[in-house]
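Some notes on the structure that comes next.
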Amino acid sequence: MIRRILSSVRQDEASSEDDCVARETAVACGAPQPQTTMKRNGTSARFRGALARHRRNQQGFTIVEVLVALLILLLVGTVAVQFAVSAIHTSYQQQQRATAMTLSTSGMEKVRSRIRGMSGDSYLASITAGTTKDQATQAYNALKADDVVRDGDFQLAWSDGTAPASGSIAYSAVDTTSSAETNGTEFKVYTVVGKCYRIAEGDYSSNNAACSAIDTSSMGIPEYVDSDNGTSAELTAAITDPTKCAKGAFKLGSTTYEPMLRVTVAVEWQFGGFGSSGEKEVYATSEYLDCSPEVDIIVKS
């Protein structure tokens, strides 16, 4: 019985295999259905695409991208360096100017210290005490080259070698040319004193009129407004002599003049120190002093 059943099963299996072979379709017996195969193929394609994209993402920057990044960094770095250099340059330049202003103020204060408590007609002798013609000329030429002073602005003054009327006070000569070094930069300080005359207006007390030199080669005979100040000959000598100053207001023709002193202190330096390729810089300040004996006023320029 059992043998018959096994024989029957074998025949059925053989028949089934023959049927599979005989089929004209491309699907093998027991093989997955076409739609299942298509699904697996689609999943495989998507997996391969994702894998390819992942591989591309893992390739890093290209040469062009790296060069562009380096160029941007270079530009930013260059701008930063230029800004830093400019800031340092400006700071150093401001520091030098502050030093020049301090030296100029100090030089002018030395001049002021000579005339405290004195009348105007003693100013010139007090300020120029000990200053020779050569020293005054050297300082004047230096400031003229720097375009700080010009011919015709005033008549250059110096000392005649006599001591000023200052009692027991001993005066040292004003440094017409001196130098100081700060942070490796040399500063030259020049002090120039000159005589000038301001045209008086009304009661000749205006402080706004210009002050300039008088052409002594063609002037007439001057006369003091106050005759007690001296004769015309004495006044003429005071106007023409670089070591003397008129004692008060005077008339020259129909014009009234007031005698003044112009004191200029200038500081000259080279950015980065003398001998460098930097541009020369100058800081100058001037003050006008009224030489009238009854007036003790400092008029600042």
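The values are calculated or read from the model by the stated rules, or taken from the named source; none is laboratory data. Nothing here was measured: the structure is a model prediction, and the numbers come from that model. Positions of Cβ are backbone-derived with ideal geometry, glycine not excepted, and every protein chain shown enters the neighbour counts.
Out of all the residues in segment 248-273, which are at pLDDT below 65 and surrounded by fewer than 16 Cβ atoms within 10 Å (Cβ to Cβ)?
Step one: list which residues in segment 248-273 are at pLDDT below 65, which gives 272-273.
273, the sole residue that qualifies.
Looking across segment 98-122, the residues that are within 13 Å of residue 269 (Cα to Cα) and loosely packed, with under 14 Cβ neighbours inside 10 Å come down to 98, 101. For beta carbons closer than 7 Å, sequence separation of 6+ or different chains, a first residue in segment 221-239 that is under 17 Å from residue 260 (Cα atoms) and a second that is exposed (fewer than 14 other Cβ atoms within 10 Å of the Cβ) and not acidic (Asp, Glu), the qualifying pairs are 239/216.
On the stretch given as segment 227-240, residues that are surrounded by 14 or more Cβ atoms within 10 Å (Cβ to Cβ) and modelled with pLDDT under 90 total 2. Of everything listed in (1) among the hydroxyl-bearing types (Ser, Thr, Tyr); (2) closer than 22 Å to residue 134 by Cα; (3) modelled with pLDDT under 80, the single unmet condition for residue 168 is (2).
Among the residues making up segment 212-252, those that are over 14 Å from residue 196 (Cβ atoms), touching a Gly at 6+ places or on another chain (Cβ under 8 Å) and assigned to a loop (DSSP other than H, G, I, E, B) are 220, 225, 226, 247.
Checked against (1) under 21 Å from residue 122 (Cβ atoms); (2) modelled with pLDDT of 70 or more; (3) aromatic (Phe, Trp, Tyr), residue 140 passes all but a single condition, namely (1). Condition test on residue 179, is it within 30 Å of the chain's Cα centre (by Cα) and modelled with pLDDT under 85? For residue 179, the condition - within 30 Å of the chain's Cα centre (by Cα) and modelled with pLDDT under 85 - is met.
Considering (1) modelled with pLDDT under 90; (2) under 27 Å from residue 158 (Cβ atoms); (3) surrounded by fewer than 20 Cβ atoms within 10 Å (Cβ to Cβ); (4) not aromatic (Phe, Trp, Tyr), the lone condition that residue 291 does not fulfil carries the number (3). If you filter segment 142-160 down to residues that are touching a residue at least 24 places away in the same chain (Cβ under 8 Å) and more than 25 Å from residue 246 (Cα to Cα), you find that the one that is surrounded by the fewest Cβ atoms within 10 Å (Cβ to Cβ) is 146.
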